[in-house]
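Here is the structure we will look at.
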Amino acid sequence: MTKRKALLAAMMALVASGAALLGPLQAKEFTADPKLNEQVSKRLKIPVYFAVPASARAPLGDIDTTDRLLDYKHPDASGASGDVGLRLVIGKRAGMAKRLGKSGLVQTGDIILSVRPEWGGAGAYPNIQMGISHSGVAYIKDGVLHNIDNPMDSEFLGPGLRGELNGDHYKTVHLLHIIRPRNLTDAERANILAWATRFGTNPTKHYPDQISFNKDYNDPKYKPGKSPDFVKHLAQIGLGHKPAGNLDLYCSEFVWGLLALKNCDPATTAEDFKGSRMPSCVREAMHPMSATGDYIFRRRAKSYAGLADGPLLVVDAMKLPDDREKDLLSSIFVDNPAKLARMSTGHRQVAEQMKASFEPLQTYYIDAATGGWGRWKARGIRFMSNRKVPDNYSPTSFLINTLLPPDNANRTMDYVATIVME
């Protein structure tokens, strides 16, 4: 932890020195800076498949902030056909929620993903998760960025449960991806704000007696072909209907459920949630993913991505020569015990539990990417993997959705930026 803080502090010093050369820090757009890019790369030390291609990016309006905005290009993508990197917002942790709330960069309904750069190169599980360990929802209230997460406790919502990126969890995270559901209307954002406020104003009213945390990410409430009753249950809790039973949700399941209420105004649809039927306003913001998708094989307008496809799609976007592509894909599945030891106990346990399931994915990655007869073997692995893993919405799945082409029918998310906090 001390070493990581020292690295981030050094990076901030570099950023400050670079900014002094560039003038006042009233940045309005993300700009490239080769020298600063090289310095930041040495500090972040993330693998290229933790970044995203330019096609993932959301269109942005004016940004008003004193934080440094860097159009970061990952050095391992230099010379590649695909433009792979990140939009970095680099600034002091203190006051970040207020600055972001007024910047115009983050909007109500955006998804906040916690990123652990130290996971990079640790092994198959942390690499395929693209370093992402947690998810929450952003909402802007009184000019301040707030986060609403499950668990709804002080670890994630901070002192007074205000949710200003100041919980113990967010104090240990230095990188946050911001993902935006596409084409949200003002009315939908107003609805999300209303629901987030209902849960965020007095979280102890709901957590843990009505809503608790589900530790099993392989046990989603969503069931293909069935009504998402857990979303209705979540809304009933928010409306104060006091439905029977406790609703246990993992973090990204809570995010998915909250966003599924974007068309439901709690002030006008409250009665709809009292009946036996699912209210028509409940609509999924992103279809849950199978273990693997078919985009890498078909590349059609309705092709889809899978839960394990993130790094594969990033590397595919780079359009590397076959030998470089194979080496990079193979490296994703190499364990590094020293780096694995830096993960939390819970995530290390999951990595160990998932190891056997992830081993066939190395063949899937390489054969799916290189083409030829090997693709038939990859298709077989894909078929077996999808039978074993239920359709799901992991924290990483929101980022993976942005990796589909912009005109893909299943693309419902865009990548906004990555917050770097000292």
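For E284, the requirement of being under 26 Å from V231 (Cβ atoms) and surrounded by fewer than 20 Cβ atoms within 10 Å (Cβ to Cβ) is met. Each residue in segment 239-288 was checked for being in contact (Cβ under 8 Å) with a residue 40 or more places away in the chain, under 30 Å from N408 (Cα atoms) and outside any loop (DSSP other than H, G, I, E, B), and 9 of them qualify. In this structure, H233 does not satisfy being out of contact with any Leu (no Cβ under 9 Å at 6 or more places or on another chain), in contact (Cβ under 8 Å) with a residue 12 or more places away in the chain and surrounded by fewer than 23 Cβ atoms within 10 Å (Cβ to Cβ).
Screening segment 63-165 for strands (runs of 3 or more DSSP E) wholly inside it with 1 or more residues that are under 29 Å from W195 (Cβ atoms) returns the ranges 84-91, 111-115, 132-141, 144-148. Of the residues making up segment 290-310, those that are in contact (Cβ under 8 Å) with a residue 60 or more places away in the chain, crowded, with 22+ Cβ neighbours inside 10 Å and not in a helix (DSSP H, G or I) number 8. Being over 24 Å from S55 (Cα atoms) and among the β-branched types (V, I, T) is a property that I332 lacks. Among residues of segment 350-368 that are farther than 20 Å from D323 by Cα and polar (S, T, N, Q), those with a Cβ under 8 angstrom from a residue that is in a helix (DSSP H, G or I) and modelled with pLDDT of 85 or more, sequence gap 6+ or separate chain, pair up as S357/S385; S357/K388.
When R324, R342 are screened for being within 27 Å of P117 (Cβ to Cβ), without any contact (Cβ under 8 Å) to a residue 40 or more places away in the chain and of a type in the set (D, E, K, R), only R324 passes. What number of residues within segment 320-345 are more than 22 Å from the chain's Cα centre (by Cα), assigned to a helix (DSSP H, G or I), aliphatic (A, V, I, L, M) and closer than 27 Å to A378 by Cα? Qualifying residue count, segment 320-345: 1. Tell me whether segment 76-87 contains one or more residues that are within 18 Å of D168 (Cα to Cα) and not β-branched (V, I, T). Checked against the condition, which is being within 18 Å of D168 (Cα to Cα) and not β-branched (V, I, T), segment 76-87 yields no hits at all.
The values are calculated or read from the model by the stated rules, or taken from the named source; none is laboratory data. Source: prediction; values computed, not measured. Cβ coordinates were reconstructed from backbone atoms using ideal geometry, including for glycine residues, and neighbour counts include every protein chain displayed.
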